[in-house]
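The values are calculated or read from the model by the stated rules, or taken from the named source; none is laboratory data. Everything numeric in this text was worked out from a predicted model, so none of it was measured. So basically every Cβ, Gly included, is an ideal-geometry build from the backbone, and we count neighbours across all protein chains shown. Please note that ligands, DNA and RNA were not included when accessible areas were found on the heavy atoms of the full protein model with its side chains. Shrake-Rupley method; radii C 1.70, N 1.55, O 1.52, S 1.80 Å.
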Amino acid sequence: QVQLQESGPGLVKPSQTLSLTCTVSGASITTTYYFWNWIRQPPGKGLEWMGVIRYDGTTYYSPSLKSLPSISRDTSKNQFSLQLSSVTPEDTAVYYCAGGRGNWPRYDYWGQGTQVTVSS
């Protein structure tokens with residue numbers, strides 16, 4: 001019943017900004033104790049947690065990332081978004097949005113993922 005869907009360009013040039021949006025249906029992103037995350041999987045590697053926006057709008061990010069992402073939300077559209085500036089080819093990955101009441105990696109809901117390639 002609850003569905004998450006990623007959207008955004010599949011190709012980004014180096015030094016530009018990667019922007020993705022996750023549209024949530026069947027559940028409200030403002031529901032108390034719900035957390036909404038961005039995760040990515042580079043080719044040949046495991047899942048990497050990037051960051052989260054909580055039900056109250058608070059954000060937290062992975063300290064392991066070379067470039068700090070920015071997560072925001074539009075509650076009127078029940079969407080949350082990811083921005084990653086100054087990308088390099090190392091940022092090429094399948095990007096997922098996921099969330100619900102669970103903690104990493106036990107999320108209740110997952111998007112299908114979207115491929116983003118950073119190349120000139």
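Checking each residue in segment 63-120 for being under 12 Å from the mean Cα position of the chain (by Cα) and among the small types (G, A, S) picks out S70, S72, S81, A93, A98, G99, G111, G113. Pairs meeting the criteria (first residue in segment 7-25 and over 22 Å from G99 (Cβ atoms), second residue open to solvent by 40 Å² or more (accessible area, probe 1.4 Å) and not hydroxyl-bearing (S, T, Y), beta carbons under 8 Å, at least 6 apart or on different chains) are G10/Q115; P14/P89; T17/Q83.
Can we say I53 is hydrophobic (A, V, I, L, M, F, W, C), open to solvent by less than 40 Å² (accessible area, probe 1.4 Å), in a loop (DSSP other than H, G, I, E, B) and over 16 Å from T114 (Cα atoms)? It is false that I53 is hydrophobic (A, V, I, L, M, F, W, C), open to solvent by less than 40 Å² (accessible area, probe 1.4 Å), in a loop (DSSP other than H, G, I, E, B) and over 16 Å from T114 (Cα atoms).
Please pick out the residue among Y96, Y33, Y107 that is assigned to a loop (DSSP other than H, G, I, E, B), out of contact with any Pro (no Cβ under 7 Å at 6 or more places or on another chain), open to solvent by less than 50 Å² (accessible area, probe 1.4 Å) and aromatic (F, W, Y). Lay out the reasoning, then the answer.
Working: Y96 fails: assigned to a loop (DSSP other than H, G, I, E, B); Y33 fails: open to solvent by less than 50 Å² (accessible area, probe 1.4 Å).
After ruling out the rest, the residue left standing is Y107.
Of the listed requirements (1) over 18 Å from Q3 (Cα atoms); (2) of a type outside the set (A, V, I, L, M, F, W, C); (3) surrounded by 14 or more Cβ atoms within 10 Å (Cβ to Cβ), Y60 misses just one: (3). Checking each residue in segment 1-15 for being farther than 20 Å from W110 by Cα and either small (G, A, S) or open to solvent by 90 Å² or more (accessible area, probe 1.4 Å) (or both) picks out L11, K13, S15. Quick check, is L84 of a type outside the set (F, W, Y), open to solvent by less than 40 Å² (accessible area, probe 1.4 Å) and either touching a Pro at 6+ places or on another chain (Cβ under 6 Å) or modelled with pLDDT under 95 (or both)? Here the answer is yes, as L84 does meet what is asked. Looking only at residues in segment 110-120 that are assigned to a loop (DSSP other than H, G, I, E, B) and hydroxyl-bearing (S, T, Y), the one that is modelled with the highest pLDDT is S119.
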